[in-house]
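Remarks on the structure that follows.
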Amino acid sequence: MLIWICRPAITALSFSSNHQFFSKRKHHEHLADLISVYQKSNLRYLVMQDWNALRILISYLDPEICVKYMLLNFAPSIQERIDLLKPVSYILRFQEWCVDSDLYSMLFYVYNALIERHFVGVTEDLEYQLLERQVIHSLAISDQTAQNIRTRLSDTKINRYTNIYCPAWNNTFDDIIKKVSFPINSTVSGSMISLKPEYFNVVNMFYFMYDQSDCKRVLEKLTYLYKTQACKFRISDHVNLSESLEGINNFLYSDEFSDIIMRILVDWCDNIGRYKSEGLENLIMVSVILCLRLKMTLNQNNYSRYHKAFDFISGIRKDLGGNNVITLLAFLKKKVNHEVFGSIVDYLMELSNIPTNYFSDLSEKPSEIVNKSRGSQDLVWKHLQNKYRDILENEEKFQDDHKDLTR
C-alpha cells in the first residue's frame, strides 16, 4: 500500500532526474518546460513533498524491497531483464548494468535523503538550522546580495514559515547572514556578500535544490578551495531523526545499501587503470556516505553498527582483489588526483583513526597494496577493540549508577 501511495512522487523524481542527468538524449522540447515548473518555479514546494515521500519509503520499507523498487524506477531499462526474486547483490552483478549512469540518479536522491537530515530532524530550533543550511548553499553557488537570497528562499517555499514580511523570520535571516557571510567590494549594485571559507567545509556539492549548472559551479569552487587548503571536507553536525523516521538509519547500515556502495567500488577497482571522469560523482557520493556511517557510529554506543561500519571499510574482500575499501580509496586518491575526493578520503581516514601518512608510500604493485590493506585492517581492528571496551565500561557504569538510584 505504501508503495502505491508514494508512486506519483517516485515517478516524478525518477522522470525529472533521468531528463536532467542524461541531457545528451533527445527529448521533446516541452518536457524541459514541464520539469522547469516542477523544479524551479514558486511551486517548488511540490518537490519537497516528493522528497518526504522518498524518505518515508526508505524509513518504512524493508531495505531489500526499497532498493529493488528504486532500481526499477530510476533504471527502467533493466526491468524486463532481472529476476526480482534474486537478492540485491545478485541483481547488481547483472552484466548489462551501466554503473555510472544507471545508479547515479537513484544514488543522488538516496544520498540527499541520508545527508540532508535538517528537514526531518529533531532539534531545538529546526527552522533555524534549515534556514542556515539553505543560506549556506545559496552562497556556495556565487556571491550575492542578501536580498536576492531572501527573495529566492521565499519563492521556493521550503520552510514552513518562510515569509519575507514576517519580522521574526527577517531577524533570523539577518542573524544567519551575519554569521555565515562577510561583505565584499563589488561594482554590482547592492551590498554583495560571500560565504565564509569555514562554511564551505560542510557544503553538499550534490545539494538536492541545485540544478546541474549549480552543482558544476559549486564543485569548481570547492576544488579551488581544497587545492589552496582554504577549507577541508567535513560532515555537518549530526542531526537526530524523529522517531517515525528512524528507519532511515537502518537503511543506511543495511546489507542491501552496502551492496550498492560495493557495486560502485568494484566497478572502480575493475577499471583502476584508467580515469573514469564520468563516474566520479558516484565515487564521491559513496565516499561521503562512508564518512557519514563512521561519524554517526562514533556518536552512538551501538556496537553492532560500529562493527559493521568499520568492517565494511577495513575487511579484506575477494571482489577487490584481496584488498579493502579504505586502501582502494587511498589508491584512487593518488590515481584520480581530485582535490574534493582527496579531502573526503583524508576525512574518512581521520574517522577511522588511520594515521594520515600511512598510505603516503602506497605503491602500485599489487602485492604491496595487499600488504597495506592487511596493515590498515589491523589498525582499524585495534581501534575497534578499544571502542568496544569503552562501550562495555560505559554500560557497566550506567548499570552501577542505576542500581544506586534504585536502592
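The values are calculated or read from the model by the stated rules, or taken from the named source; none is laboratory data. None of the values given here were measured: they were computed from a predicted structure. Every residue, glycine as well, gets a Cβ built from its backbone with ideal geometry; the counts of neighbours run over all protein chains shown.
Filter segment 167-180 down to the residues that are free of Cβ contacts under 8 Å to residues at least 40 places away in the same chain and surrounded by fewer than 13 Cβ atoms within 10 Å (Cβ to Cβ), then identify the one that is farthest from the chain's Cα centre (by Cα). Before the answer, list the steps.
First pass over segment 167-180, keeping only residues free of Cβ contacts under 8 Å to residues at least 40 places away in the same chain: 167-171, 174-175, 178.
Retained after the next criterion (residues that are surrounded by fewer than 13 Cβ atoms within 10 Å (Cβ to Cβ)): 167-168, 171, 174, 178.
Details: PRO167: 34, ALA168: 32, ASN171: 31, ASP174: 28, LYS178: 27 Å.
Going through the qualifying residues, I end up with PRO167.
Name the single residue, out of those in segment 151-182 being among the hydrophobic types (A, V, I, L, M, F, W, C) and closer than 19 Å to ILE141 by Cβ, that is modelled with the lowest pLDDT. Quick ask: steps written out before the conclusion?
Narrowing segment 151-182 to residues among the hydrophobic types (A, V, I, L, M, F, W, C): 153, 158, 164, 166, 168-169, 173, 176-177, 180, 182.
Restricting the remaining residues to those that are closer than 19 Å to ILE141 by Cβ gives 153, 158, 173, 176-177, 180, 182.
On the way: LEU153: 76, ILE158: 54, PHE173: 90, ILE176: 94, ILE177: 95, VAL180: 95, PHE182: 93.
Ranking the candidates gives ILE158 first.
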Scan segment 52-73 and tell me whether some residue there is at pLDDT below 80 and among the acidic types (Asp, Glu). no
Restricting to segment 223-244, name every residue that is polar (S, T, N, Q) and either loosely packed, with under 13 Cβ neighbours inside 10 Å or within 29 Å of GLN300 (Cβ to Cβ) (or both). THR228, GLN229, SER236, ASN240, SER242, SER244
Kindly indicate the residue of segment 337-363 that is closer than 19 Å to GLY321 by Cα and touching a residue at least 24 places away in the same chain (Cβ under 8 Å) and also farthest from the chain's Cα centre (by Cα) among those meeting that condition. LEU362
Please tell me if SER287 is small (Gly, Ala, Ser), touching a residue at least 12 places away in the same chain (Cβ under 8 Å), assigned to a helix (DSSP H, G or I) and crowded, with 20+ Cβ neighbours inside 10 Å. yes
Which residues, taken from segment 299-315, are modelled with pLDDT under 90 and either crowded, with 18+ Cβ neighbours inside 10 Å or closer than 18 Å to GLN377 by Cα (or both)? TYR303, SER304, ARG305, TYR306, HIS307
Can you name every residue in segment 312-333 that is part of a helix (DSSP H, G or I) and of a type in the set (Val, Ile, Thr)? ILE313, VAL325, ILE326, THR327
Counting just the residues of segment 74-89 that are modelled with pLDDT of 85 or more and part of a helix (DSSP H, G or I), which one comes out nearest to TRP51 (Cα to Cα)? VAL88
Tell me whether segment 361-375 contains one or more residues that are closer than 30 Å to VAL218 by Cβ, at pLDDT 90 or above and assigned by the TED database to the domain that holds GLU281. yes
